[in-house]
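Asker: Please see the structure below; I have some questions.
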Amino acid sequence: MQMVTTKTKRSSKQQLLNAIFENTALHGKKLFIDSKRTCQCPPNHINCMSAKEWMKSQLGVWRFTYESRDIRDKNKHPATFPISLSRKVIELFTHKGELVLDPFVGSGTTLVAARDLARNAVGFDLQKKYIELCAKRLSQDYIFGGSQIAIQDDARNINKYLEPESVSLIWTSPPYANLLNRKRKNKSRKDRINSQYGKVEQYSQDSRDLGTMPLEKFATTMGDIFESLLPLLRPKAHCVINISDMWWQDKRITIHIAIVEELRKRGYELRNTIIWDKTNIVNRIGIFGWPSNYITMGVTYEYLLDFWKPPKQAI
C-alpha cells in the first residue's frame with residue numbers, strides 16, 4: 001500500500017511526492033480522517049447550496065468544460081473526467097467537512113475537486129502510477145481545505161480503512177468492464193489514423209482490475225465491492241457512479257443497466273439518472289453506421305447513476 005495525503009496547510013511538492021513512499025504501516029488499518037460537517041447549515045439540508053444553485057442542479061442533463069488543471073492526455077490516464085463534473089457531484093451531495101470516497105480514484109480528479117470545496121476525501125486505486133499521478137496533482141500550489149488521501153490498494157479492502165456510517169458520498173467512475181481491453185480502430189472518427197489508433201486503452205492487465213472482466217463478472221464484482229461499501233455510508237447518503245454503454249460486435253452493451261440491477265440487489269436504491277452531455281467537449285465525430293445502421297455515439301454522453309443508502313426503517 002502506498003499513500004499520498006494533503007492537509008489544510010500548504011505542503012511542499014517534495015513532501016507530497018515523498019508521502020506516497022511512506023505510511024506503509026497503515027495498510028489495512030483504520031484511517032483517522034475527519035467526516036463531520038464544518039458548515040452551519042440546518043441538519044435537514046442535503047448540501048450547502050443556495051436555492052438558486054439548487055434550481056440549476058435539478059436539470060437532468062449536465063454539461064461541463066475543461067480547465068487548465070484537467071488531464072486530457074490518454075497516455076497519462078485513458079478515461080478522465082473534468083474537475084467541474086466532480087465538483088458538481090460533491091457540492092450537490094455533501095457539506096463542507098464531510099467525507100467523500102472514490103473507490104477507483106484513477107488520476108485523482110475527485111481528490112482535487114474535494115480540496116477545492118473543503119471536503120475530506122479518500123481514494124483507492126490498484127495502480128502505483130495513478131497514485132503517483134494523484135500526488136503530482138495534489139502538489140500544485142493552491143489554497144485548499146480538508147484532507148485528501150490516495151491509497152494504493154484493492155477496492156475490495158476499503159471497508160478495513162473507514163468507520164461505519166462515516167462516508168457522506170461515494171463518487172466514482174469505474175472501469176467499463178473489458179470493453180476498453182482491445183485495440184482501438186477509431187471507426188467513429190474522421191481522423192482514423194491518430195495517436196490512439198491500434199492502442200489498448202486499458203488501465204492495466206491486473207486480473208483484479210475490473211477492466212479485464214467480461215460484463216457478467218464485472219457486474220457481480222461491482223456488486224460485491226459496493227455491498228461492502230454500503231455500511232460505510234450514512235443513511236440517505238448518496239452513491240454516484242459515472243458509466244457509459246458501449247457498442248461491441250454490432251450490439252449495444254448496456255453496462256449502466258447491469259450496474260443498476262446489481263446495486264439494487266445489494267441494498268442500494270436508485271434515485272436519479274442524470275445524462276452527462278459531452279457534445280461540447282468531443283471533437284471530430286465521424287459517420288458511424290451510416291447509411292443503414294443507426295447508432296447513437298456513446299462518446300457524446302454518459303450516465304450518472306445516483307443511488308442512496310435507504311433510511312433506516314422505524315421498528
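Asker: Checking the a/c ratio against 1.5 first, then a/b against b/c, what shape does the Cα gyration tensor give for the range 82-163?
Answerer: oblate
Asker: Here's a follow-up. First check a/c for the range 24-139, with a ≥ b ≥ c the square roots of the eigenvalues of its C-alpha gyration tensor; if it is under 1.5, answer rounded, and if not, answer prolate when a/b is larger than b/c or oblate otherwise.
Answerer: oblate
Asker: Between the range 264-286 and the range 73-113, what is the separation of their alpha carbon centroids in Å?
Answerer: Between the Cα centre of the range 264-286 and that of the range 73-113, the gap is 15 Å.
Asker: Given H placed 1.01 Å from N in the peptide plane, which residues other than close sequence neighbours of K278 have an amide H under 5 Å from its amide H?
Answerer: Amide H to amide H, under 5 Å and 5 or more residues apart or across chains, K278 pairs with Y301, E302.
Asker: Take the Cα of K74, step 7 Å along the line toward its Cβ, and report every residue of the range 117-139 whose backbone nitrogen sits under 19 Å from that point.
Answerer: 130
Asker: Considering amide H positions built from the backbone, and no H for Pro or chain starts, which residues 5 or more places from G97, or on another chain, come under 5 Å of its amide H?
Answerer: Amide H neighbours of G97, under 5 Å, 5+ apart: T38, R119, N120.
Asker: Provide the per-residue ³J(HN,Hα) series for the range 215-231, in order, calculated from phi with Karplus coefficients 6.51, -1.76, 1.60 and θ = phi - 60°, each as a whole number of Hz, with x at glycine and proline positions.
Answerer: My calculation for the range 215-231 gives 4, 4, 5, 4, 4, 5, 5, 4, x, 4, 5, 6, 5, 6, 8, 4, x Hz in order.
Asker: Order by neighbour count: V299, V105, V89, fewest other Cβ atoms within 10 Å first, most last. Write down the numbers at each step before the final one.
Answerer: Values: V299 16, V105 28, V89 24.
Listed from fewest to most nearby Cβ atoms, that is V299, V89, V105.
Asker: What's the exposure ranking of M297, M222, M213, M55, going from fewest to most Cβ atoms within 10 Å? Don't skip to the answer; put the middle values down first.
Answerer: Values: M297 15, M222 25, M213 19, M55 10.
The order, fewest Cβ neighbours first, is M55, M297, M213, M222.
Asker: Amide H neighbours of G123 under 5 Å, counting only residues 5+ apart in sequence or on other chains, H built in-plane at 1.01 Å?
Answerer: Sorted by chain and number, the residues that satisfy this are D102, I149, A150, I151.
Asker: Once phi is turned into θ = phi - 60°, what whole-Hz ³J(HN,Hα) does the Karplus curve with 6.51, -1.76 and 1.60 give for every residue of the range 125-130, x standing for Gly and Pro?
Answerer: Karplus-based 3J(HN,Hα) across the range 125-130 equals 8, 6, 9, 4, 5, 7 Hz.
Values in this text are rule-based calculations from the coordinates and carry no lab data. This structure is a prediction, so every number in the text was calculated from the model and none was measured. Cβ sites come from the backbone with ideal geometry, for glycine too, and all protein chains shown count toward neighbours.
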